[in-house]
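Q: Take a look at the following structure, please.
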Amino acid sequence: MVKAAQLRHDLAQQHVRLIAVSKYADDDAVEALIQTGQRDFAESRPQQLRDRAVRWPQCQWHMIGPVQKNKAKYIGRHAHTWHSLYDLTTALAVARHVQGRVLPVLIQVNISGEPQKQGLDPTQLVDFYTHACAIKPLHIVGLMGMAAHEGDASKAFQRLRQCRDSLPQTLSELSMGMSGDWPQAVEEGATMVRLGRILF
Ligand SMILES: *Cc1c(COP(=O)(O)O)cnc(C)c1O
């Protein structure tokens, strides 16, 4: 366990936002972290995101897992930012439920080289990005990626940064780094790190 407030402060000095991944945390643990001043949280299940966004509206709820079409409404209505876009059908389904606002979105890219991992193949990114930009209430603000458990995390994060630099517009956000590899992600230019285990 690390001290969340200290880590949040240290990261902020480097212009990195700490996102607390609360997918396995119970409500009391979430409440305790809110008491330390934490406001950014991430969930991997749409219903849990909805429930917690309703319960703690003072916080910003980020979506980081796969979204089934029938759960798209929870993301469109309740997610502050959606980090896990990698198919256009789901994008359209979510977009339909965004009302009176723009939903910031990150495209998830498979940078680990493991075929079973979620996310877009890097070779498809430019084409996908062009299509995703046309889906109006969504606003593509960056890329999200995960390094493999084994292997060189820095290299994977460099790959995500190169993916971002290959796009025709300059996107500001790079969501990368988890409990086991966040220092490398910060080193490679992360603007958001998603930490679960070391916070809860
Ligand atoms: C679970 C999860 C995290 C947090 O992982 P920890 O190892 O607990 O820090 C970050 N990002 C995604 C996409 C996750 O699913």
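Q: Looking only at the stretch 15-26, which residues are in a loop (DSSP other than H, G, I, E, B) and either under 24 Å from Gln47 (Cβ atoms) or in contact with a helix residue (DSSP H, G or I) (Cβ under 6 Å, 6 or more places away or on another chain) (or both)?
A: Residues satisfying the conditions are Val16, Ser22, Lys23, Tyr24, Ala25, Asp26.
Q: Which condition number in (1) part of a helix (DSSP H, G or I); (2) surrounded by 13 or more Cβ atoms within 10 Å (Cβ to Cβ); (3) not aliphatic (A, V, I, L, M) is the one that Phe41 fails?
A: Going through the list (1) part of a helix (DSSP H, G or I); (2) surrounded by 13 or more Cβ atoms within 10 Å (Cβ to Cβ); (3) not aliphatic (A, V, I, L, M), Phe41 breaks only (1).
Q: Regarding the stretch 188-199, can at least one residue be identified that is without any contact (Cβ under 8 Å) to a residue 40 or more places away in the chain, in contact with a helix residue (DSSP H, G or I) (Cβ under 7 Å, 6 or more places away or on another chain) and either within 13 Å of the ligand (Cβ to nearest atom) or among the acidic types (Asp, Glu) (or both)?
A: yes
Q: Which members of the stretch 1-58 meet the condition of being under 20 Å from the mean Cα position of the chain (by Cα) and basic (Lys, Arg)?
A: If the condition is that a residue be under 20 Å from the mean Cα position of the chain (by Cα) and basic (Lys, Arg), then Arg8, Arg17, Lys23, Arg39, Arg45, Arg50, Arg52 are the ones that fit.
Q: Looking only at residues that are within 16 Å of the ligand (Cβ to nearest atom) and in contact with a Cys (Cβ under 9 Å, 6 or more places away or on another chain) in the stretch 122-165, which one is nearest to Thr90 (Cα to Cα)?
A: So, considering only residues that are within 16 Å of the ligand (Cβ to nearest atom) and in contact with a Cys (Cβ under 9 Å, 6 or more places away or on another chain), the one nearest to Thr90 (Cα to Cα) is Leu143.
Q: Can you tell which of Ala20, Ala5, Ala91 is small (Gly, Ala, Ser), more than 15 Å from the ligand (Cβ to nearest atom) and crowded, with 17+ Cβ neighbours inside 10 Å?
A: None of the others qualify; the one that does is Ala91.
To keep it simple, each residue is scored yes or no on (1) in contact with a Gly (Cβ under 7 Å, 6 or more places away or on another chain); (2) crowded, with 16+ Cβ neighbours inside 10 Å; (3) basic (Lys, Arg); (4) assigned to a loop (DSSP other than H, G, I, E, B).
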residue	(1), (2), (3), (4)
Gly142	no, yes, no, no
Leu167	no, yes, no, yes
Leu171	yes, yes, no, yes
Ala190	yes, yes, no, yes
Phe200	no, yes, no, yes
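Q: Hey, another quick one. Can you confirm whether the stretch 108-127 contains a residue that is at pLDDT 95 or above, more than 18 Å from the chain's Cα centre (by Cα) and within 20 Å of Met63 (Cα to Cα)?
A: Scanning the stretch 108-127 turns up no residue that is at pLDDT 95 or above, more than 18 Å from the chain's Cα centre (by Cα) and within 20 Å of Met63 (Cα to Cα).
Q: Which residue pairs have Cβ atoms under 7 Å apart, sit 6 or more places apart or on different chains, and have a first residue in the stretch 32-59 that is under 16 Å from Ala4 (Cβ atoms) and a second that is within 16 Å of the ligand (Cβ to nearest atom) and aromatic (Phe, Trp, Tyr)?
A: The qualifying pairs are Phe41/Trp61; Cys59/Phe41.
The values are calculated or read from the model by the stated rules, or taken from the named source; none is laboratory data. This one's a predicted model, so the numbers in the text were calculated from it and none came from an experiment. Heads up, the Cβs are rebuilt from the backbone with ideal geometry, glycines too, and the neighbour counts pull from every protein chain shown.
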